Ligand code: UD1
């Protein structure tokens, strides 16, 4: 029998792409999602893409009875904990929402799992835990810092896992530090569907290209980078999804826990992104230079060598692939899953 993997937040952007990757390798995804930042329509599309029903329960990671029941019924071998909030600005305005959901949700989930047979969990961490790095590329042993409550919840989440693992050797945790996930499934059927004005670069650029917004604001052109704009490690969400499959397989094979960067190792600037998106879409992406965004760093990109050495995983897709797939999704779904 194939092993079942519980995806908390499995209807979200990264969760939904990971579900397809797990399905393709013969693992059996089981979704728990409360639709606080996703739509039921994604499940219908996942069923269409996999040709199979999606095992799904609507509910919260705080619902201990529900989680325990799902773990037992599906004989869950590992959990991937995607369910978390990720908007930096909102976390500054409403920190308790973030500490409650991101930290409280994790501790509640772990406490529930403690009463079940499942002891393996993959955690969605972020390159945000490196704060403003002293140099690039970033290796996993760089010091961790935080500059906002969202970043702090990821850092605390990592610390919670370390403490729990130290308390009981049967736990095994895979901590994945995502760099900048972008793009969409090549089918154009699933992708990122942000509510309201997007905070992140790629969704904003694609909404400009499709005509939903008049222009992009480029936050700063005086950084010490080749063209003066911020440099990031954009990673195709399908590559990221494969990283989760590799992480889960590694834990299921009985290996010890680990912490790895999931990035490409290549930095791209805001203007690189604009150019690549214009080429992929054939549409202009007008932009205006605006002041730096508070809290932004000049350059952030991964050294992804550990993930290759440990998990045999590396990113394969380029910035052009990311823009092409993002555009295909945006063009076919100008309002995301909302129509
Ligand atoms: C941001 C968060 C980070 C979080 C990540 C999640 C901040 C300060 N950081 O990272 O904590 O983990 O999202 O994906 O919010 N840019 C523009 N115009 C825009 C939007 C962005 O010029 O309208 C620039 C930014 O200045 C930056 C680059 O594009 O140089 C990427 O920005 P973004 O997509 O928001 O990602 P991060 O800032 O890396």
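If a residue has to be in a helix (DSSP H, G or I) and crowded, with 17+ Cβ neighbours inside 10 Å to count, how many in region 279-305 make the cut? Counting residues in region 279-305 that are in a helix (DSSP H, G or I) and crowded, with 17+ Cβ neighbours inside 10 Å gives 2. Applying the condition of being within 16 Å of the ligand (Cβ to nearest atom) and farther than 24 Å from residue 19 by Cα to region 72-96 and asking which residue is surrounded by the most Cβ atoms within 10 Å (Cβ to Cβ) yields 91. Looking across region 135-156, the residues that are in contact with a strand residue (DSSP E or B) (Cβ under 6 Å, 6 or more places away or on another chain) and buried (at least 22 other Cβ atoms within 10 Å of the Cβ) come down to 138, 154.
Looking only at region 193-214, which residues are near the ligand (Cβ under 10 Å from one of its atoms) and either in a loop (DSSP other than H, G, I, E, B) or under 19 Å from the mean Cα position of the chain (by Cα) (or both)? Residues satisfying the conditions are 197, 198, 199, 200, 201, 202, 203, 204, 205, 213. Among the residues of region 237-272, the ones that are more than 15 Å from residue 302 (Cβ to Cβ) and within 15 Å of the ligand (Cβ to nearest atom) come to 5 in all. When each of 317, 310, 252, 262 is tested for being under 26 Å from residue 176 (Cα atoms), buried (at least 22 other Cβ atoms within 10 Å of the Cβ) and in contact with a strand residue (DSSP E or B) (Cβ under 9 Å, 6 or more places away or on another chain), the lone residue that passes is 262. Taking region 119-134 as the range and being touching a strand residue (DSSP E or B) at 6+ places or on another chain (Cβ under 6 Å) and closer than 13 Å to residue 7 by Cα as the test, the residues that pass are 120, 121, 122, 123.
Among the residues of this structure, residue 221 counts as one that is on the phi < 0 side of the Ramachandran plot, in a loop (DSSP other than H, G, I, E, B), touching a residue at least 60 places away in the same chain (Cβ under 8 Å) and in contact with a strand residue (DSSP E or B) (Cβ under 8 Å, 6 or more places away or on another chain). Can we say residue 187 is buried (at least 23 other Cβ atoms within 10 Å of the Cβ) and in contact (Cβ under 8 Å) with a residue 40 or more places away in the chain? Against the criterion (buried (at least 23 other Cβ atoms within 10 Å of the Cβ) and in contact (Cβ under 8 Å) with a residue 40 or more places away in the chain), residue 187 does not qualify. Would you say residue 275 is without any contact (Cβ under 8 Å) to a residue 12 or more places away in the chain and either part of a strand (DSSP E or B) or within 16 Å of the ligand (Cβ to nearest atom) (or both)? Taking the combined requirement at face value, the residue satisfies it. One residue alone among 175, 160, 164, 156 is touching a residue at least 12 places away in the same chain (Cβ under 8 Å), assigned to a strand (DSSP E or B) and more than 18 Å from residue 234 (Cα to Cα), and that residue is 175.
No lab work stands behind these numbers, since they all come straight from the coordinates. Owing to the predicted nature of the structure, the values given are computational and were not obtained by experimental measurement. With ideal geometry, Cβ positions are generated from the backbone for all residues, glycine too; neighbour counts draw on all protein chains shown.
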